[in-house]
Amino acid sequence: MTSHGIRNIVVLTGAGVSAESGVATFRGPDGLWEGHRVEDVATPQAFARDPALVHAFYDARRAKLGTIGPNAAHEALARLDCEWPGKLLLVTQNVDDLHERAGSKRLLHMHGELKRGWCLECDDRFEWDGVMGEGAVCPACATPGRVRPDIVWFGEMPYEMERIDEALQRCDLFVSIGTSGAVYPAAGFVQTARYCGARTLELNLEPSLASFLFDESRTGRAGELVPVWVEELLSGAHSAHSSPMSR
Ligand code: BV8
């Protein structure tokens, strides 16, 4: 046990952690997402209705990954990954690759990844870079035109829910960073953590829909808040009674 009694940590990140890298969040001022209504591009029905539009939306976001890089929040979480002696699981709702590029290893993408594809012919999933489009050929079964982005759309089951639930039940600290608390089941993780006795901390640009459920909520930019919090935690600079959240 470390000085502040925290050993097992679960961190949840959302679009706000990538905002300072230039990635659009989902609920911009106009409520649109890169000019689209979410239900027009991020559901199985949208894909069935207009595969060209959905592919174009994801191809554009995948291409943008090559023009951006991790920010101080990603770097600080990668430092935590490297130096934290206890258990740590970083669950991201984001489909970008910025956590990996910063160096995070103990990481899972519950909503899939822009740089992966899924073949509806043979059900294989695989890495994918560059344009996918409607005619993409599956690298496993060579069928053309049956490859979709390996992204969890609305109405689809997020990945690795059992592993996430197990980590939430075992954690002493749950930290939510850069997410609005609008989308389930991710928005419900704080309740599971609380129920299982974990302390809960929110780091977000503004109070989220779930802020009232957190023991502590700090508002500000992730690029500023996350490095400060990671330093607090790793320096263990707390009396045995305080927590890294009593500032
Ligand atoms: C499922 C991949 C069931 C796509 C995404 C009614 C009530 C409750 C639930 C539902 C309901 N009707 C439908 C549902 C279920 C639905 C849902 O929750 N809908 C909501 C809209 C009501 N959920 C689902 O469908 C999920 N699946 O429930 O399956 C099931 C059961 C059995 C069998 C089969 C199925 C699947 C949801 C996943 C959808 N896919 N992403 C893609 O990326 O292309 S969700 C998408 O939005 C993101 O991945 C992210 O997870 C999510 C939320 O976005 P955030 O990350 O929070 O981003 P947002 O813009 O909202 O907020 C950003 C925050 O950052 C803000 O608070 C802002 O203040 C802050 N910020 C900004 N800048 C900064 C910052 N913070 C710090 N620093 C900064 N610089």
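Would you mind giving the three semi-axes, in whole Å and largest first, of the ellipsoid equivalent to the chain according to its Cα gyration tensor?
Semi-axis lengths for the chain are 34, 18, 17 Å.
Can you list residues from other chains, or at least 5 along the same chain, whose modelled amide H is less than 5 Å from the amide H of Thr200?
Phe174, Asp215, Glu216
Using 0.36 nm per residue of separation minus the Cα-Cα distance, give me the extension gain between Ala140 and Leu209 in nm, one decimal.
Contour length minus the Cα-Cα distance gives 20.6 nm.
Per the 1.4 Å probe, what fraction of the accessible area of the chain, in percent, lies on carbon and sulfur atoms?
Solvent-exposed carbon and sulfur of the chain make up 54 percent of the total.
Between Phe212, Gly181, Cys171, whose Cα lies farthest towards the positive end of the dipole of the range 107-245 when Lys and Arg beta carbons carry +1 and Asp and Glu beta carbons carry -1, centred on the Cα centre?
Phe212
Solvent-accessible area per residue for the range 96-247 at a 1.4 Å probe radius, Å²?
Here the per-residue accessible area is 47 Å².
Where the centre of each part is set by its Cα atoms, how far does the range 171-213 sit from the range 47-88, in angstrom?
What the calculation gives is 20 Å, centre to centre.
Any idea what angle helix 161-170 forms with the longest principal axis of the chain, computed on alpha-carbon atoms, 0 to 90 degrees, nearest 10?
Approximately 0 degrees, to the nearest 10.
Looking at the range 109-205 from every direction and averaging, what is the projected area of its Cα convex hull in nm²?
7.6 nm²
Among Ala73, Cys119, Pro51, pick out the residue whose Cα is farthest towards the positive end of the charge dipole of the chain, where Lys and Arg carry +1 and Asp and Glu carry -1 on C-beta, about the Cα centre.
So the residue furthest toward the plus end is Ala73.
So if I place +1 on the C-beta of Lys and Arg and -1 on the C-beta of Asp and Glu, and nothing else carries charge, what would the dipole magnitude of the chain be about its Cα centre? I want it in debye, nearest 20.
About 380 debye.
Please turn the phi angles of the range 134-147 into ³J(HN,Hα) values with the Karplus equation 6.51 cos²θ - 1.76 cosθ + 1.60 (θ = phi - 60°), one per residue in order, whole Hz, x for glycine and proline.
With coefficients 6.51, -1.76 and 1.60, one gets 6, x, 3, 9, 5, x, 8, 10, 6, 7, x, x, 10, 9 Hz.
Which one, Tyr159, Asn8, Trp33, projects farthest toward the positive side of the charge dipole computed for the chain from Cβ point charges (K/R +1, D/E -1)?
With unit charges placed on the Cβ atoms, the residue in question is Asn8.
The values are calculated or read from the model by the stated rules, or taken from the named source; none is laboratory data. Given the structure is predicted, the values throughout are model-derived calculations rather than measurements. No Cβ is skipped: glycine too gets one built from the backbone with ideal geometry, and neighbour counts run over all protein chains shown. Just the protein is used for accessible areas: all its heavy atoms, side chains included, with ligands, DNA and RNA removed. Shrake-Rupley method; radii C 1.70, N 1.55, O 1.52, S 1.80 Å.
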